[in-house]
1. Return yes or no: is LEU101 closer than 16 Å to GLU190 by Cβ and in a strand (DSSP E or B)?
2. Could you list, in sequence order, the residues of the range 135-157 that are within 22 Å of TYR228 (Cβ to Cβ) and surrounded by 14 or more Cβ atoms within 10 Å (Cβ to Cβ)?
3. Only one of (1) free of Cβ contacts under 8 Å to residues at least 24 places away in the same chain; (2) in a loop (DSSP other than H, G, I, E, B) is not met by SER216, so which one is it?
4. Starting from residues that are exposed (fewer than 14 other Cβ atoms within 10 Å of the Cβ) and among the aliphatic types (A, V, I, L, M), keep the ones in the range 39-84 and report whichever is farthest from ASP128 (Cα to Cα).
5. Of all residues in the range 87-134 being buried (at least 19 other Cβ atoms within 10 Å of the Cβ) and β-branched (Val, Ile, Thr), which is modelled with the lowest pLDDT?
6. Tell me, which residue of the range 158-199 that is touching a residue at least 24 places away in the same chain (Cβ under 8 Å) and assigned to a helix (DSSP H, G or I) is surrounded by the most Cβ atoms within 10 Å (Cβ to Cβ)?
7. Scan (1) more than 22 Å from VAL47 (Cα to Cα); (2) touching a helix residue (DSSP H, G or I) at 6+ places or on another chain (Cβ under 7 Å); (3) assigned to a helix (DSSP H, G or I) for the single condition ASN155 breaks and write down its number.
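The values are calculated or read from the model by the stated rules, or taken from the named source; none is laboratory data. Since the model is a prediction, treat every value here as computed from it, not as a measurement. Heads up, the Cβs are rebuilt from the backbone with ideal geometry, glycines too, and the neighbour counts pull from every protein chain shown.
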Amino acid sequence: MIGRINPLLEALNSLPLRVTKIFVQKDTERKRVAEVIKMARSRSVPVVWVPKRRLDQMDKHHQGVVALSSPKAFTSMETILSDSKVPFLLLLDGVEDPQNLGAIIRTAEGAGVDGLILPERRSAGLSDVVSSVSAGALEHIKITRVKNLARSMDNLKEKGLWFVGAEEGSRNYWFEFDYTVPLGLVLGSEGKGLRPLVKQKCDKILSIPLLGEVTSLNVASAAAIFIYEVIRQRKKYLKT
């Protein structure tokens, strides 16, 4: 967390991919805050306007801004795609619980997922909590951040990717798809699931049947089930 202007400008200049979000005090008249905002926007770092009391809670010594920083730099989409002939990407639509994000990262890295795609908004940041829960996996997996998840899906479709959305209620089950194709697996938020536009962009919506009294699975648990079905199919595919 960065609450002083000079260190924040330096971070935006030298390590912009580690600055995940900047909170700016409403009605501030500091000229250097405008400099921070301009630099943040030029580097596609989200800026959020909040009351002064919100910043006071985050950093008592702030100078009208407080930035959240990540222990890991993001990777470009191009780099992620260039590292695999048959990409397997994981898209998280609104996963805001850092515990769940950390657990998903741990499973994804262990299974060899090529990269994670997170939206700028409605997503947990790559915090120390996420890093801790991931048990070190955060350091090894590629993660990119996009402004608009649905638009990114359109762009990736043009590159040949297929998208499977995981959501309860579908009549088709998680294993009823050919996962040997270039793939983006899409999981929604803990409470609301996939947003309508993101769901619409998916080529297939699949679910995991629940036979007990529990009506839904934790998103990290659902991710693990889907991810390892992909690995099961691809292991067989890669041996042929």
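1. No.
2. ALA137, LEU138, ILE141, LYS142, ILE143
3. (1)
4. Here the residue is VAL48.
5. VAL130
6. Step by step, filter the range 158-199, then rank; the result is VAL198.
7. Every condition holds for ASN155 apart from (2).
For every residue, the table says whether it meets (1) part of a helix (DSSP H, G or I); (2) farther than 15 Å from LEU89 by Cα.
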site: ALA108; (1), (2): yes, no
site: VAL113; (1), (2): no, no
site: ARG121; (1), (2): no, yes
site: ALA124; (1), (2): no, yes
site: VAL130; (1), (2): yes, yes
site: THR144; (1), (2): no, no
